[in-house]
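Derivation of every value follows stated rules applied to the coordinates shown; laboratory data play no part. Quantities reported herein were computed from a predicted structural model and do not represent experimental measurements. Here the Cβ positions follow ideal geometry from the backbone for every residue, glycine too, while neighbour counts run over all protein chains shown.
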Amino acid sequence: MKKISVSFLSSKNIPMDLRKLNDTDVDFIHVDIMDGKFVPAKTMPFREMRHIYQYTSKRLDVHLMVKEPSKFIPLYAELNTEYIAIHVESEEDIIKNLELIKSFSIKTGLAINPDTPVKELIPYLPYLDEVLVMSVYPGKGGQEFIVEVEKKIKELKALLQSYHLSTVINVDGGVNNITKKYCEDADIITSGSYVVSSSDFQEKITSLR
Ligand code: DX5
Ligand code: ZN
């Protein structure tokens, strides 16, 4: 059975939606962080985001869509965090940042944009607990799933198998009960608007598994 991570990026009432999600069997809360540089949009600063623990006891899956991950990793490592994913397209030294994540005993993730080839991940595979495959261009919620990404997920799965790695595949963006069929090889599915814009979170989460 797949694990489900839910992003609250498109939430209109974050505290309320986090409380509602806490009453579901969702596996992770996906925390999208944007710096206004790596992507045009900017999410709330850490001093506000840190209050998330007041509304949820779920483990967090942090997605850093930022130019300089090293500024954010120590902050998000303080929370109830299972994974921190940085982008393979980010500007700093990737291995240093993955080691920084590990130094806090948090699982490492590397996110890859729709147009970036899978082979870009190869140098980092030994350092990774998770690959976050973007099925939309990062920057906002509510976009359509890019169907071509299915091929990439399969290619990545084969690559991980060829190296006998148990790195998990998380697919992020535009996932709903229809597009989940393109994510067969994913271990975790991240969905935002499909869940948080509905009136029954649990029903939507169950429909994704
Ligand atoms: C896109 C984010 C995604 C997004 C998922 O920039 O990284 O995590 O919030 O939300 P939906 O499911 O609405 O695409
Ligand atoms: Zn995300």
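Across all Cα pairs in the chain, the calculated P(r) in 10 Å bins from zero up to the longest distance comes to 9, 38, 39, 13, 0 percent per bin.
Taking Cβ atoms as reference points and 13 Å as the exclusive limit, the residues near Lys20 contribute a net charge of -1, counting Lys and Arg as +1 and Asp and Glu as -1.
Taking the fewest neighbouring Cβ atoms within 10 Å as the starting point, the ordered list for Met1, Met134, Met16 is Met1, Met16, Met134. Annotation: the residues His30, His51, sorted from fewest to most other C-beta atoms within 10 Å of their own C-beta, follow the order His51, His30.
Counting only DSSP beta bridges with both residues in the chain, the antiparallel share comes to about 5 percent. Exceedance of the 23 Å cut-off in Cα-Cα distance is limited, within the set Lys96/Lys152; Lys107/Lys204; Lys67/Lys157; Lys71/Lys107; Lys2/Lys96; Lys20/Lys58, to Lys96/Lys152; Lys107/Lys204; Lys67/Lys157; Lys2/Lys96.
Each peptide in 37-43, 151-157 gets a packing score, the mean of other Cβ atoms within 10 Å over its residues, and the list from highest to lowest is 151-157, 37-43. Computed on the stretch 3-208, with alpha-carbon pairs under 8 angstrom and 6+ residues apart, the relative contact order is 21 percent. Here r is the Cβ-Cβ distance between Ala41 and His164 and R0 is 41 Å; the resulting FRET efficiency, rounded to 0.05, is 0.60.
Ranked by the mean number of other Cβ atoms within 10 Å of their residues, highest first, the peptides 87-94, 56-63 come out as 56-63, 87-94.
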